[in-house]
Amino acid sequence: MNKVMIITGASRGIGAATAVAAANQGYRVCVNYHSDRISAEKVVHQITESGGSAIAIQADISDESAVVGLFKQSCEAMGPPTVLVNNAGILETGSISSINSARLQRVFALNVFGAFYCAREAVKLMSTDCGGVGGSIVNVSSVAAKMGSPDEYIDYAASKGAVDTMTIGLAKEVAGQGIRVNAVRPGVIHTDIHASGGEPDRVNRVSKSVPMKRGGEPEEIAAAILWLASDEAAYCTGSFIDVSGGR
Ligand code: NAP
């Protein structure tokens, strides 16, 4: 079977680690990125150098028509996806007084709307009702969905709460169409998202309150994503794995 994985936001961080690990497991990988073409191409190069197959495709996941284009381009290059990893996400730091319409629009447009657009396109291609062979969707949520992230970013936490609810509902909606839908909830992980969100040293600050006393590595999240995507998780749908050092 042609194993094809589309990973949104795979130019760095958790998405890039998932792309490399997936290629090692024989997936052909679509490395989506937004603005950092050079980093996306480095991920592709790392995969192809090791004998794997990957392409980089630019698309703003918060833009519905761009998502449609991403799936079209990916299908033309590699065939229909068997796995979608809804990974692209952003956060902005600041308590309720700093949350305004523009910030809410940015966070929800990508973290929630984008995840829905991608899931819809994947279902169309995977559904056995539409002539597909089934497949798997793995949403990258966050433990923030359970903790609420007071004084940091309750809007981001709420967006991940929406992703969790979507995971549960979509899992039930498409279970009869050969599609499993699950989610991974990372804790605090060493990636650039914290710097992009306004607090570069966040992992070190928060690590002290993690029961395991350290931040996680992107590869540790990738391992859970790949397990949920795999046949070993064939009876899991609507399931969540927290990879958070006990947080
Ligand atoms: P990251 O290092 O900041 O990487 C973000 C990725 O998303 C980049 O590849 C970026 O592409 C892409 N991206 C940003 N905006 C996009 C858009 N509009 N359209 C398409 N791609 C876009 O983030 P990360 O830490 O790996 O996070 C990955 C996921 O894990 C996110 O959903 C995040 O919420 C979740 N998560 C992370 C942590 C953590 O501590 N790191 C914890 C819990 C959950 P460009 O480089 O091209 O801009």
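The values are calculated or read from the model by the stated rules, or taken from the named source; none is laboratory data. All values reported here derive from a predicted model rather than from experimental measurement. When we count neighbours, we look across all protein chains shown, and the Cβ atoms used for this are built from the backbone with ideal geometry, even at glycine. For the accessible areas, the whole protein counts, side chains as well, though only heavy atoms, and no ligand, DNA or RNA atoms are used. Shrake-Rupley method; radii C 1.70, N 1.55, O 1.52, S 1.80 Å.
Counting Lys and Arg as +1 and Asp and Glu as -1, each charge on the Cβ, what is the dipole of the chain about the Cα centre in debye, to the nearest 20?
On the way: 21 positive and 24 negative charges, 58 e Å.
The calculation lands at about 280 debye.
Under a Cβ-Cβ cut-off of 13 Å, what is the net charge of the residues other than Met78 that fall near it, where Lys and Arg count +1 and Asp and Glu count -1?
Details: positive: Lys3, Arg28, Lys72; negative: Glu76.
Summing Lys/Arg as +1 and Asp/Glu as -1 gives +2.
Just to confirm the filter: which trypsin sites (Lys or Arg not before Pro) across segment 129-235 are DSSP coil and have at most 12 other Cβ within 10 angstrom of their Cβ? Working shown, then result.
Numbers: sites: Lys146, Lys160, Lys172, Arg180, Arg202, Arg205, Lys208, Lys213, Arg214; in loops: Lys208, Lys213, Arg214.
Within segment 129-235, the qualifying trypsin sites (Lys or Arg not before Pro) (loop, at most 12 other Cβ atoms within 10 Å) are Lys208, Lys213.
What's the local net charge at Ser196, with K and R +1, D and E -1, over the other residues with C-beta under 13 Å away?
Details: positive: Arg12, Arg106, Arg202; negative: Asp36, Glu92, Asp192, Glu199.
Its environment carries a net charge of -1.
Regarding segment 71-163, what are the three Cα extents along the principal axes, ordered largest first, in Å?
Between the extreme Cα coordinates on each principal axis of segment 71-163 lie 49, 24, 19 Å.
What is the diffusion coefficient of the chain in µm²/s, taking the Kirkwood radius over Cα pairs and the Stokes-Einstein relation at 37 °C with a viscosity of 0.692 mPa s? Before the final figure, lay out each step's value.
Details: Rh = 17.8 Å.
Once the numbers are plugged in, D ends up at 184 µm²/s.
Solvent-accessible area per residue for the chain at a 1.4 Å probe radius, Å²?
Details: 10860 Å² over 247 residues.
Here the per-residue accessible area is 44 Å².
Net charge near Thr48, counting Lys/Arg +1 and Asp/Glu -1 over other residues with Cβ under 12 Å of its Cβ? Display every interim value, and only then the final one.
Details: positive: Arg28, Lys42; negative: Glu41, Glu49.
Around Thr48, the charge tally is 0.
Give or take rounding to whole Å, what are the principal axis extents of the alpha carbon atoms in segment 1-119, in descending order?
Between the extreme Cα coordinates on each principal axis of segment 1-119 lie 50, 23, 21 Å.
Using amide H atoms built 1.01 Å from N in the peptide plane, name the residues 5+ places from Gly135, or on other chains, whose amide H lies under 5 Å from its own.
Answer set, sorted by chain and number: Ile179, Arg180.
Using 7 Å Cα-to-Cβ label points, what is the Val68/Lys208 separation (nm, one decimal)?
The modelled label-to-label distance comes out at 5.1 nm.
Given axes a ≥ b ≥ c from the Cα gyration tensor, I'd like to know whether segment 161-247 is rounded (a/c under 1.5), prolate (a/b larger than b/c) or oblate. Write down the numbers at each step before the final one.
On the way: a/c = 2.68, a/b = 2.11, b/c = 1.27.
Judged from the Cα gyration tensor, segment 161-247 comes out prolate (a/c at least 1.5, a/b above b/c).
Give me the Kirkwood hydrodynamic radius of segment 1-59 in Å, from all C-alpha pairs, to one decimal place? Mind dumping the intermediate values first?
Working: mean 1/r = 0.0939 Å⁻¹.
Averaging 1/r across every pair of different Cα atoms and inverting gives 10.6 Å.
If you average the alpha carbon positions of segment 67-96 and of segment 114-169, how far apart do those two centres end up, in angstrom?
So the separation of the two Cα centres works out to 11 Å.
Nearest 20 debye, what's the magnitude of the dipole of segment 155-247 about its Cα centre given +1 on Lys and Arg Cβ and -1 on Asp and Glu Cβ? Walk me through the intermediate numbers first.
Values: 10 positive and 12 negative charges, 71 e Å.
Approximately 340 debye in magnitude.
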